[in-house]
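As structure tokens, the structure follows; a few thoughts come after it.
Here, each number is a calculation from the coordinates, and none is a lab measurement. If you're wondering where the values come from, they're calculated on a predicted model, not measured in any experiment. All Cβ positions, even for glycine, are placed from backbone atoms using ideal geometry, and neighbour counts span all protein chains on display.
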């Protein structure tokens, strides 16, 4: 028999034993086992959303400047055009003046949200009068004060607040917080169903059942929101039914849209919901600062998203008799209906049998059904 060589290896290990892995190699192996490529991609997505959140909020709020705040101007006929031209030519275009015939007409324009404010010019008086409605956003009133102080320091303005926020509404932000809560509830509701049963319903019937569940959640969410802002905190009293309906539609618009994103993209649809509703929707909604004080991107985007439409509806029904809300109703309804239609269309297309012939007969060898 051939003799075996039992001479130890230079490392001190028995012959034939693989060399021990270095600490660095062991760490890298454990890292690969603990964090899969899928997990790494998800972490990268979280990082992108996190930074996008910071960029969006700081970009929207870091330097609010008025841009074409609509202003009705009442002045003596001989001076009215000159006053309007002077206001509209202020550097940066903070104001967009238009004529009004009487103080009563200007007042109506403010309360019906045709304009943000009204300027009553009376040369014989020691000061002009500025009619505002701070319930639409105290920040815009402060911005107007600053603009007029810089435009003509020698001619002061006396501010008359036609519609201040309710005492329990603080700085008029109850409508914003209610809208944010309803939007968050909507897309989290769709995400919860996705986490429980998968992002893509197997059949159209299951898709409809999910939408029915989300509709029920929306009705209850709207009821709860209306109870909180009206009888509980008395922040937005006297419009319970309108607020309930708006809040319910807001929740369903976010829920149906979130579901559509998930049906299209799978779990990645949840991230898209966060991007649209939280990262982009909240800072552009006109809550903290009215749209006219936001930079161009957010100013133009806000009214087209459910967040901004909901804030407009809740605020204008609570304080301004529901005036100037037609566009917001269309926007919110479009998101709700669009989410339902996209989900239904994608679910119907997925039900189309695979491997069928030209006349719809199953191809040879096809077997198995989807769940």
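Annotations for the structure displayed:
- Residue exposure sequence - 175, 134 - by fewest surrounding Cβ within 10 Å: 134, 175
- Three-way shape label, the stretch 104-207, alpha-carbon gyration tensor, a/c 1.5: prolate
- Look at 265, 349 and count the other Cβ atoms within 10 Å of each Cβ; fewest to most, that gives 349, 265.
- Working from the Cα coordinates of the stretch 297-346, the gyration tensor eigenvalues give, after taking √(5λ), semi-axes of 24, 13, 7 Å in decreasing order.
- Ranking of 234, 101 by neighbouring Cβ atoms within 10 Å, starting from the fewest: 101, 234.
- Whole-percent P(r), the stretch 232-329, all Cα pairs, 10 Å bins from 0: 16, 42, 32, 10, 0.
- Cα-Cα pairs of the stretch 69-164 separated by more than 18 Å (percent): 38
- Pairs of alpha carbons in the stretch 13-172 whose separation is greater than 23 Å (percent): 56
- Across 213, 124, 235, mean-square fluctuation computed from a Gaussian network of the chain (C-alpha pairs under 10 Å connected) peaks at 124.
- Start at zero, step by 10 Å, and the Cα-Cα distances of the chain spread as 5, 19, 22, 18, 13, 9, 6, 4, 2, 1, 1, 0, 0 percent across the bins.
- Highest-MSF residue in the chain out of 302, 170, 269 [GNM, Cα springs under 10 Å]: 170
- DSSP beta bridge pairing in the chain, given as percent antiparallel to the nearest 5: 25
- Highest-MSF residue in the chain out of 54, 74, 279 [GNM, Cα springs under 10 Å]: 54
- Using distinct alpha-carbon pairs, which all enter the 1/r mean, Kirkwood radius of the stretch 169-350 in Å: 16.2
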